[in-house]
Amino acid sequence: MLRDAYSFIIPLALIGSACLLLGWQYNWGFYPAAILFYLLSLFVAFFFRDPERPIPTDDRLIVSPADGLIVAIKTVDSPEGERGTLVSIFLSIFDVHVNRSPIAGKIVSTDYRPGKFLVAAKEKASVENEMNVVTVENQYARVVFKQIAGLIARRIVFWKKTDDPVQLGERVGLIKFGSRVDLFLPENVNLTVKRGEHVKGGISVIGRVNS
C-alpha cells in the first residue's frame, strides 16, 4: 500500500473509533456511522494498493503506464508536428492508480498544466483537464504520456524529475480517485492492443518499436 493512503486512512479510522466510543457511551445510533467510516478506510486502503508486477525486460517494448480500459486509439500529430498514435486509458476507482514508465530511458521533460476536472472517460478531458505531461526517451523511441485528473481525482503525483533515468515499468507517479492516462507513440511502434481492452500498468504490452 502506498504511503499516500495514510493521510486518508488515519482520519477516517479515528472518526470511526470516535463514533464507536460515542455509541458505547451514549447512543447506539452512532454505530452505523462508525461502520461507515471503517468501510471507507478499508476502501482507501484498497484504492492505494501497489502490487508487485513481473515487468518485461525487452527495451524495445512499450508497456502500459496505467491500469484501465483503452477507450480510444487514433492517429494524431504531436505538439512537435510528428505523426503517431494516441492510446487513451481510463482508470476507474477500482483500478490500481500507480503510474509506470512506458519505456526504459530518461525523463526528457515534465509539464504540469492546470485545467478542468471533467469526467475522465470523455475525449475532451485529454485537452481540457488538469494534467502532467511527461516525455521519456531512449535509443529506440521518444514517448509522451499524460497523467490526467478526472471528476473525482484532484491530485496528480509525479515522483521523478527531468533527466532522471527510469526503468521499463518503473513506478513514477499516481493519480488519485479516478483518472485518465494518454500515451503518444511514434510511427515506428507496432501497436499490439485494441480499443476496449483492459490493460495493466507495467505488464500489458502496448506496442513494440520497429528495428
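None of the figures in this text is laboratory data; all of them are computed from the coordinates on show. Owing to the predicted nature of the structure, the values given are computational and were not obtained by experimental measurement. Note that each Cβ is placed from the backbone with ideal geometry, even for glycine, and that neighbours are counted across all protein chains shown.
Of the listed values (1) 58, 30, 21; (2) 50, 38, 35; (3) 72, 33, 31, identify the label whose number matches Cα extents along the principal axes in Å calculated from this model.
(3)
Relative to the first principal axis of the alpha-carbon coordinates of the chain, what is the inclination of helix 6-25, with its axis defined by its Cα atoms, in degrees from 0 to 90 and to the nearest 10?
Computed tilt is about 20 degrees.
Between K106, K116, K124, where does the largest GNM mean-square fluctuation fall for the chain, given springs only between Cα atoms within less than 10 Å?
K124
Can you run phi through the Karplus equation (6.51, -1.76, 1.60; θ = phi - 60°) for the range 82-94 and list ³J(HN,Hα) in whole Hz, with x for Gly and Pro?
Computed from phi, the couplings for the range 82-94 are 8, 7, x, 10, 9, 10, 10, 10, 9, 9, 7, 5, 9 Hz.
Using mean Cβ contacts within 10 Å as the protection proxy, how do 191-198, 33-40 order, highest first?
On the way: 191-198: 13.1, 33-40: 16.1.
Order by mean packing, descending: 33-40, 191-198.
Taking θ = phi - 60°, what integer Hz values does the Karplus form 6.51 cos²θ - 1.76 cosθ + 1.60 yield along the range 102-112, in sequence order, with x for Gly and Pro?
x, 9, 7, x, 9, 6, 7, 7, 9, 9, 7
Looking at the chain as a GNM with Cα springs under 10 Å, which of G16, G68, G173 has the largest mean-square fluctuation?
Most flexible of the set in this elastic network: G16.
To the nearest 500 deg cm²/dmol, what mean residue ellipticity at 222 nm is calculated for the chain from DSSP H runs of n ≥ 4 alone, each contributing -39,500 (n - 2.57), summed and divided by the residues?
-6000 deg cm²/dmol
GNM, the chain, Cα, under 10 Å: largest mean-square fluctuation among P65, P51, P102?
Fluctuation is largest for P51.
Pairs on different chains or at least eight residues apart, Cα atoms closer than 15 Å: how many lysine pairs in the chain fit?
For the chain, qualifying lysine pairs total 12.
Based on the mean of other Cβ atoms within 10 Å per residue, sort peptides 84-90, 204-210 so the most packed one is first.
84-90, 204-210
Work through the residues other than I107 whose Cβ is under 15 Å from its Cβ and net out their charges, Lys, Arg +1 and Asp, Glu -1. Mind dumping the intermediate values first?
Working: positive: R100, K106, R142, K146, K160, K161, R171; negative: D111, E137, D163, D164, E170.
That works out to +2.
What Kirkwood hydrodynamic radius, in Å, does the range 3-47 give when the mean of 1/r is taken over all pairs of distinct Cα atoms and then inverted? Walk me through the numbers before you get to the answer.
Numbers: mean 1/r = 0.0960 Å⁻¹.
So the Kirkwood estimate lands at 10.4 Å.
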